[in-house]
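Working notes for the structure below.
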Amino acid sequence: MTKFVYQFEEGSGQMKNILGGKGAGLSEMARLGIPVPPGFTITTEVCQYYYAHDLNYPDQLFEEVREHLSKLEQKTAKIFGSPDQPLLVSVRSGAVVSMPGMMDTILNLGLNDAIVEKWASNPSAERFVLDSYRRLLQMFGNVVYELKHESFEKLLSAAKAKKGVKLDNELGADDLRNLIQGYKEVYIQEKGKAFPQDPWIQLTESINAVVKSWNNERAKVYRKLNKIEGLIGTAVNVQSMVFGNLNERSATGVCFTRDPSTGDPALYGEFLINAQGEDVVAGIRTPQKIHMLETPMPIAYQQLVQTCRQLEKHYRDMQDIEFTIENEILYLLQTRSGKRTGAAAIRIAYDMHYEGVLSKEEALMRVHPNQVNQLLHKRFDEKEKKGFLLLAKGLPASPGAATGKVVFTAEEAEIQAANNENVILVREETSPEDIKGMHSAQGILTARGGMTSHAAVVARGMGKCCVSGADDIHIDEHGKSFRNSQGIHIKEGDIISLDGSSGEIFQGSLPVIDPVIGIEFEALLDWSDEFRKLKIRTNADTPQDALQARAFGAEGIGLCRTEHMFFEGDRIKSVREMILSASLEGRQKALDKILPMQKEDFIGIFQAMKGLPVTIRLLDPPLHEFLPSAEADIKELATLLQVSVESIKEKIVALKEVNPMLGHRGCRLGITYPEITRMQTRAIMEAAAFLLKNENMTIEPEIMVPLVGTDKEFIMQKELIDEVAKKVMDEFQVQITYWVGTMIEVPRAALTAGDIAKTAQFFSFGTNDLTQMTYGFSRDDINKFLPEYLELKILKEDPFASLDQTGVGRLIKIAVEEGRKVNPGMKLGICGEHGGDPDSIEFCHLVGLDYVSCSPYRVPVARVAAARSAILNKLP
């Protein structure tokens, strides 16, 4: 018979798949002799069974739960449901992968009217018992019966207002009794039935609620955003309660063994005296910094420090720990690898390597490429801050800089972001239901909560800028505004700026500057270069972009889009003159004007790359894209070129295509207008010849023919290119090694790659168009149906963001195999947007490409991703 329930001491850290992360951590701590309140774990297999069997549980489950509850009673010398020495338990979720705050928790289970009456008759325990009961009523009602959180909060706020106090723990016993009565009435009014007095019913219904929370909306969104797949469900942990809200010698807190924002190797966290754990993470009270615990509770603090060291040494990673102190006795409730910012991940990996804890390979595997991306975000210029009004200052919960329009609801954040507006989500405190809005916002600001509040933890995991605990601002969520302590009024739609590194909140839009790359980051990139097999190039069209990419470690340019140069300065006039010309002579005259401009472009790019390979794509988009559409612009062009408005309009109509992306573009332009290919080839070769003769710089241009579908198209274009290249070399009396290849972006080209490879010297996979043509999806219109496709799991993810390895990937594999069969030394790369996506980079490594090319700011991400791919998939 399958075992569905394990006592903590029966499990281990190796059983994470069935005990979940929290259960495995509790089992491992129990095995290590760390003080853990006893309890048991219901396995993830129960959750899997529940959803596979029409929301039914295995027949023996609750019989097993009773057996393990009985063992728990023996260990604690307490009885569940008894007024004498009552056992109270918590019920918590715990998936294999940490999903902070996304699923549900219920504390203080086992209390009822009879137990409370008996226990509270002891004057020293009265307030504590009543406080625990009102917490149970609220959490159980909200989680299990789905009663509105606001219904309870409204009564709590009224009680505090009547008493004239600000904090929950300032309410007395009589206040709590009245509050409990009010809470019970909420059950009757909203649910139509009373809070269950039978502790066993409380327990079974709570277990059911936690299992159901696996598929609540916020948990599904979190898994989707973080690409968490393949899990069978959540485990459920039933644990005997220890009480941080027992008295002033009790406390609760969360701490990290290193700073999760910076990676600084010092204990980092917060605590509250006379509180329960939810108070810290929910931000109901602003907690104290962890080192301040040493003053009121020195022995417990030293035990905590020692335990943190023990756990970090055991797990060889920074730990995120939840603890409770009851009557100055320390208990640990959870340990897990802590979520961290990109900066912290790199610092921790670097330090742990030099501490002798991690090898370079292990250190690299501790840093996800997306965390590297966080370090490349811009930040505010400190000098510029002086010119902006400082509205308030909160806690620097997640570093970075964010500027945007203020919104007060997660829903509004989503709406505005969908309209390409940058927004700052402002809340009293965030909750798991805000997950979509937090993802949509540029930054998050909360008036309450500490460095380990929900907003802080989730924002750090997302790499979002966050300022929490800004209690100088007073939010009116109904009025959609907030005021600071000086009375300055900020309304929805007003622009503010957040500095997540300092906690400062400014009025207006602050300018930003580039990030500073530290020695730890440089070391990580150097280590990456030791292990990766793939070369990393960049997509760059200007010398400035090329220089930035080189600074980030680019080893060449994999895509230089020449059409982008056509829009620079006055040259668009010459381009339009070429398009509007009715004769070859007229087109050539215009092209003669463009030639020196293109030549200067290529000289600048070649100089920036200092001899590194540069792949230049010949003109790709349809000609109509260069012509104006607005009436005023058409009139201006007509005056400039001394032609009639009607003639320009006629040309625009003549160039109009039903499906231009599959129309007269790419190599098709070069075939019908060979003079364009000749001009661009001459500009490239003259630039290379100039640098060779004048600066002794050896350039080996890679000339790429776009949108080839047949070998004959490529052959015709290559003949033109070779003809012009020979003429230039003869004119300049130089010999230049150059390469002519093609972009594989048409499915037919991939399928007939062997034929094309007979004359092509390299392939570069243009996965943007290859994805578009393989799926039949327009990348410009996919967002109209993509959300439904992802929701219905028709698609696993956006195929334009992460390469479809099954379909598009198969075409790439065919092209690689066919190309290398004909030309074993053929150079192969990828230059679509997928070149900067870590999952796509791993595919490129496995399929045997030579390089990936991505935007300049993705180059460090690609370097790390390529190294991790090589480490994970060791190839000869």
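Results, tabulated for the structure shown:
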{"quantity": "Qualifying positions in region 626-645 - of a type outside the set (A, V, I, L, M) and either free of Cβ contacts under 8 Å to residues at least 24 places away in the same chain or not in a helix (DSSP H, G or I) (or both)", "calculated": "628, 629, 631, 633, 635, 636, 639, 642, 644"}
{"quantity": "Filter result (part of a strand (DSSP E or B) and either within 14 Å of residue 24 (Cβ to Cβ) or touching a Pro at 6+ places or on another chain (Cβ under 8 Å) (or both)) within region 310-323", "calculated": "319, 320"}
{"quantity": "Which numbered condition residue 12 misses (of (1) surrounded by 18 or more Cβ atoms within 10 Å (Cβ to Cβ); (2) of a type in the set (Ser, Thr, Tyr); (3) in contact with a helix residue (DSSP H, G or I) (Cβ under 6 Å, 6 or more places away or on another chain))", "calculated": "(1)"}
{"quantity": "Top-ranked residue in region 820-840 [being open to solvent by less than 70 Å² (accessible area, probe 1.4 Å) and of a type in the set (Lys, Arg); ranked as nearest to the chain's Cα centre (by Cα)]", "calculated": "827"}
{"quantity": "Residue 373 open to solvent by 30 Å² or more (accessible area, probe 1.4 Å) and over 22 Å from residue 22 (Cα atoms)", "calculated": "yes"}
{"quantity": "Some residue of region 396-409 being farther than 18 Å from residue 517 by Cα, in a helix (DSSP H, G or I) and aromatic (Phe, Trp, Tyr)", "calculated": "no"}
{"quantity": "Hits in region 160-175 - residues which are open to solvent by less than 20 Å² (accessible area, probe 1.4 Å) and either at pLDDT 95 or above or among the acidic types (Asp, Glu) (or both)", "calculated": "168"}
{"quantity": "Region 448-463, residues that are surrounded by 24 or more Cβ atoms within 10 Å (Cβ to Cβ), in a loop (DSSP other than H, G, I, E, B) and at pLDDT 75 or above", "calculated": "449"}
{"quantity": "Some residue of region 848-869 being in a loop (DSSP other than H, G, I, E, B), open to solvent by less than 10 Å² (accessible area, probe 1.4 Å), within 22 Å of residue 762 (Cβ to Cβ) and of a type outside the set (Ser, Thr, Tyr)", "calculated": "no"}
{"quantity": "Filter pass, residue 708 being crowded, with 20+ Cβ neighbours inside 10 Å, touching a residue at least 24 places away in the same chain (Cβ under 8 Å) and in a loop (DSSP other than H, G, I, E, B)", "calculated": "yes"}
{"quantity": "Residue among 215, 237 that is touching a residue at least 12 places away in the same chain (Cβ under 8 Å) and open to solvent by 20 Å² or more (accessible area, probe 1.4 Å)", "calculated": "215"}
{"quantity": "Region 778-798, residues that are part of a loop (DSSP other than H, G, I, E, B) and modelled with pLDDT under 90", "calculated": "778, 779, 780, 781, 785, 792, 793, 796, 797, 798"}
{"quantity": "One residue from 550, 561, 537, 532 being closer than 28 Å to residue 375 by Cα, crowded, with 17+ Cβ neighbours inside 10 Å, among the charged types (D, E, K, R) and free of Cβ contacts under 8 Å to residues at least 60 places away in the same chain", "calculated": "561"}
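Per-residue answers, yes or no, for (1) closer than 30 Å to residue 489 by Cα; (2) surrounded by fewer than 22 Cβ atoms within 10 Å (Cβ to Cβ); (3) in contact (Cβ under 8 Å) with a residue 60 or more places away in the chain:
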position	(1), (2), (3)
302	no, yes, no
305	no, yes, no
321	no, no, yes
350	no, no, yes
361	no, yes, yes
386	yes, yes, no
398	yes, no, yes
402	yes, no, yes
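The values are calculated or read from the model by the stated rules, or taken from the named source; none is laboratory data. In this text, all values refer to a predicted model and were calculated from it rather than measured experimentally. Please note: Cβ atoms are built from the backbone with ideal geometry, for glycine as well, and neighbour counts cover all protein chains shown. Quick note on the areas: whole protein, heavy atoms, side chains included, nothing else; ligands and nucleic acids left out. Shrake-Rupley method; radii C 1.70, N 1.55, O 1.52, S 1.80 Å.
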